[in-house]
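Everything below concerns the one structure shown next.
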Amino acid sequence: MAADLTGTYLTLDDGRPAVRFTRTYDHPAERVWRFLTDPDENAHWFPSRAEFDLRPGGAVAFSGDPHMPLSTGRVLAVDPPQHLSFSWGEDELRFDLTELPAGGTRLTLTDVLGAPDSAARNGAGWEVCLAALDAAARGERLEGPHAGPTAEWKELYSAYIDAGVPSGAPVPGVD
């Protein structure tokens, strides 16, 4: 059975490569914002526990991923509860929240890639992470995304490669 891919590989107006995902949640934007910015919440779905100094230029501390060392990033822009962007390694992550007229919130995640060959790897990783966020939004908990390169991740990675998404970047914990 083929993997159901929800990410889109694109080139932004400024020429940088990115992968983009959209989800809709039956929660107000303030609640979805907490999924993103509260370290106790994001630890359940984000690849690393992320602790934010929520101001432009503020530090972001990443920890808890067994395949990555402790690291830091910088908040690039913040407009609670509608927008957060920050650096993470060579990437820029953008989270945009839109309250929907019928209720709920649309989340758009754009991973602006430091290198095009990380698109398939990151796309597959975000699929797994966002599945965990989807579960958290329903009040459930999934094991992972910190479980490493599971069979599900490998299937998604292969599907992104088969779809022609650039690949070849090292996979933490595998390469």
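Quick rundown of the values:
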read-out: Highest-fluctuation residue, LEU100, LEU36, LEU84 considered, GNM on the chain with Cα pairs under 10 Å; value: LEU100
read-out: Principal semi-axes in Å for the chain [√(5λ), Cα gyration tensor, largest first]; value: 23, 19, 17
read-out: Per residue value of the accessible surface for the chain (all protein chains in place, 1.4 Å probe), Å²; value: 49
read-out: Net dipole in debye of the chain [+1 Lys, Arg Cβ; -1 Asp, Glu Cβ; about Cα centre; nearest 20]; value: 120
read-out: Area accessible to solvent at HIS27, 1.4 Å probe radius, in Å²; value: 40
read-out: The chain - percent of accessible surface contributed by carbon and sulfur, probe 1.4 Å; value: 51
read-out: For the stretch 44-56, Karplus couplings with θ = phi - 60° (6.51, -1.76, 1.60), whole Hz, Gly/Pro x; value: 7, 9, 6, x, 9, 5, 10, 10, 10, 9, 6, 8, x
read-out: Inter-probe distance in nm under a simple model that places probes 7 Å from Cα toward Cβ, at ASP96 and ALA135; value: 2.9
read-out: Net lengthening on full extension, SER71/THR6 (0.36 nm per residue, minus Cα-Cα); value: 20.6 nm
read-out: Exposed-site-free run, longest, the chain (rule: GluC sites (Glu not before Pro); DSSP loop; at most 11 other C-beta within 10 Å); value: 1-89
read-out: Size descriptor, Kirkwood hydrodynamic radius, that averages inverse alpha-carbon separations across the stretch 1-102, Å; value: 15.0
read-out: Potential lengthening between ASP14 and ASP53 on full extension [0.36 nm per residue; Cα-Cα distance subtracted]; value: 11.3 nm
read-out: Whole-percent pair-distance distribution, where bins are 5 Å wide, for the alpha carbons of the stretch 12-65; value: 4, 16, 18, 19, 22, 16, 4, 0
read-out: Residues with amide H under 5 Å from that of GLY104, placed H, sequence gap 5 or more; value: HIS27
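The values are calculated or read from the model by the stated rules, or taken from the named source; none is laboratory data. This structure is a prediction, so every number in the text was calculated from the model and none was measured. As a convention, Cβ positions derive from the backbone with ideal geometry for all residues, glycine included, and neighbour counts pool all protein chains shown. We work out accessible area using only protein heavy atoms, side chains counted, and drop any ligands, DNA or RNA first. Shrake-Rupley method; radii C 1.70, N 1.55, O 1.52, S 1.80 Å.
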